[in-house]
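Below is one structure; the comments refer to it alone.
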Amino acid sequence: MNKRNGDLSIPKRNLNSLYARINRRWWNEVLPEIPVRWSTQMHAAAGKYWHSSAGWEIVLSVPYHQEFPDEIEDTLKHEMIHFALHLRGGLRRGLSHGEEFRAEAERVGASVHCKSYAGLHRPYRYEWECPNCTRRSRSRIRRIWACRPCCTEHNDGYYSPRFKLRLVRGRASAG
Ligand SMILES: [Zn+2]
Ligand SMILES: [Zn+2]
């Protein structure tokens with residue numbers, strides 16, 4: 001049974017075992033263990049690699065992934081690339097989304113851009129459809145979105161106007 005929309009299912013996904021699996025598959029297990037945790041407080045971004053009072057850690061947003069549960073692995077891979085590049089060559093390199101980051105993202109199949117998502121508290125007002133695969137999705141804010149599965153499958157994870165979502169509900173700023 002598909003229960004992935006259950007609000008409580010997200011924080012229960014074990015990020016440490018997912019981390020270990022990705023580490024094994026894409027980094028030959030060379031990445032050291034690092035704290036990886038969920039945050040219910042993080043609303044502005046999908047994930048972050050940062051230095052907390054407890055040291056360097058990876059944090060994934062619960063609200064973001066409740067909305068986009070299929071992106072958990074993608075977000076974690078993205079943050080792991082920051083960690084890997086930081087280990088490899090220092091902080092500036094680690095925090096950049098430059099050429100080296102993009103090459104790694106392509107290699108492991110992760111999105112390049114930090115996904116930020118303002119307005120997670122607002123109600124869903126917009127419904128979108130992918131012109132390519134016809135998947136439907138909803139958003140709280142209106143902006144140019146592309147279909148992530150299609151970008152991943154057909155365009156190495158990069159944005160393509162071919163997969164720009166069509167607004168099917170919520171036109172005219174819904175007054
Ligand atoms: Zn990033
Ligand atoms: Zn699509």
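No value in this document is a laboratory result; all are computed from the given coordinates. Being a predicted model, the structure only gives us computed values, none of them experimental. For neighbour counting, all protein chains shown are included, and Cβ atoms are generated from backbone atoms with ideal geometry for every residue, glycine included.
Using Cβ contacts closer than 10 Å as the measure, can you line up 33, 129 from fewest to most? Can you show the working numbers first?
Values: 33 9, 129 16.
Sorted ascending by nearby Cβ count, the order is 33, 129.
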Quiz prompt | Virtual spin-label span in nm between residue 107 and residue 41, 7 Å along Cα→Cβ | solution = 3.5 nm
Quiz prompt | Lysine pair count for the chain [Cα-Cα under 17 Å; pairs on different chains or 8 or more apart] | solution = 5
